[in-house]
Amino acid sequence: MKTILITGASTGFGRALSTEALKRGHQVALAVRTPGSVADLVEAYPGKAHAIRFDLTNPLDAERVVKETLEKFASLDVLINNAGYGLLAALEESTDEQLARNLETNFTGPFRLIRAVLPVMRAQQGGRVITMSAIAAYANHPGFAVYGGAKAALDAACDAASQEVASLGIKFTQVIPGPFRTDFIGRSLDQSPRLPDYEASVGKFGGFLSKMDGKQPGDPAKAASAILDLLNEEKPPFRLVIGAYGNNTFAKKIASMEAELNAWKEKGLPTDFLPGA
C-alpha cells in the first residue's frame, strides 16, 4: 500500500486514476478545487480516500496540500500531477491573461508541487513523481502553441530534476497521452476569438477536436491501470506514451526529426573550433 497524492482528481484521468488506486488498496489524497466533487469516493473508501481543497494556481497551496497529506496519512510515496487546462488559440490570438493562466496551470503549478514533495521523498530516500503530459509537448498542432509549450517546459524541467534526484531513489515518469475520452475538449479547453487568417490552420484543428469529442479512442480506465502498474516497476520509463494515436504520432515525429538532423548535418557540424584551436 502506498500513499498517493493526485491533483485534478474529480474528473477525467484524475477520477480514473483515483478510482483505480483506491480499488488497489492505496491511500489517496484527492486534491481538488471542490472537495464535494469527490465525496462519493471518500464515502466509498473511508480512511483511504481524503479530499483536500487545492488550487494549482495558488502558490501557497503546494506546501499546504503536501502538509495535509502527511497529517492524514503520515506518508507520501507518489505524486501524480494530473490537473491541467487546454487553450485553443493561435499564438497571436492568445491574451496575456490566457498565457499566464495556462502556464500557471500546466507548468508553474505542477513544478511548484513537485518542488514541495521532493524534501519528503528525499528524506525517505524514495518516491515517484508521475506527470500527465500531452502528445502536443512533442508533436504539436496549430492552436496549441501555448498549451503544448507549457507541457514541453514541464517535460524539460522534469528531465533535469529526475537526473538530480536519481541517486536518492526518486523516479520520474512523464505519461504522454493522445486523445482519450475525457472532458478535456469540452470543459477543460479554453478558446480565443478566431482571426480569419487562422481559420485554415487553428480553425481546422478546432473542428477536428470538436468532431472527435466523445469519440476519442483512448480509454481512461485502461490508462489508469497501466499508469498505476508503473509503481511495481523497479526501473519505470521516463516517458510512457499511451494510446495508438500517441504512439504513432510520437514515432512519426522522431522519424521526422532524425531525417531533418541528417539532412542538415553538413551545415550544422562544421561550426566547432578546429582541433587545437
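Here, each number is a calculation from the coordinates, and none is a lab measurement. The structure displayed is predicted, hence computed values, not measured ones. Please note: Cβ atoms are built from the backbone with ideal geometry, for glycine as well, and neighbour counts cover all protein chains shown.
Below are the figures for this structure:
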quantity: Looking only at the stretch 1-27, and only at residues there that are part of a loop (DSSP other than H, G, I, E, B) and of a type outside the set (D, E, K, R), the one that is farthest from residue 182 (Cα to Cα); calculated: 1
quantity: Residue list for the stretch 12-51, restricted to those being of a type in the set (Val, Ile, Thr) and either closer than 20 Å to residue 61 by Cα or free of Cβ contacts under 8 Å to residues at least 24 places away in the same chain (or both); calculated: 28, 32, 34, 38, 42
quantity: Single condition residue 79 does not satisfy, out of (1) surrounded by fewer than 19 Cβ atoms within 10 Å (Cβ to Cβ); (2) out of contact with any His (no Cβ under 8 Å at 6 or more places or on another chain); calculated: (1)
quantity: Residue tally, condition within 26 Å of residue 107 (Cα to Cα) and assigned to a strand (DSSP E or B), over the stretch 46-62; calculated: 4
quantity: Of all residues in the stretch 107-129 being of a type in the set (A, V, I, L, M, F, W, C) and more than 14 Å from the chain's Cα centre (by Cα), the one that is surrounded by the most Cβ atoms within 10 Å (Cβ to Cβ); calculated: 117
quantity: Residues satisfying the stated conditions in the stretch 28-45, i.e. within 22 Å of the chain's Cα centre (by Cα) and either of a type outside the set (Val, Ile, Thr) or not in a loop (DSSP other than H, G, I, E, B) (or both); calculated: 28, 29, 30, 31, 32, 33, 35, 37, 38
quantity: Scan of the stretch 69-91 for residues that are assigned to a loop (DSSP other than H, G, I, E, B) and in contact with a strand residue (DSSP E or B) (Cβ under 6 Å, 6 or more places away or on another chain), ordered by number; calculated: 75, 76, 77, 82, 83
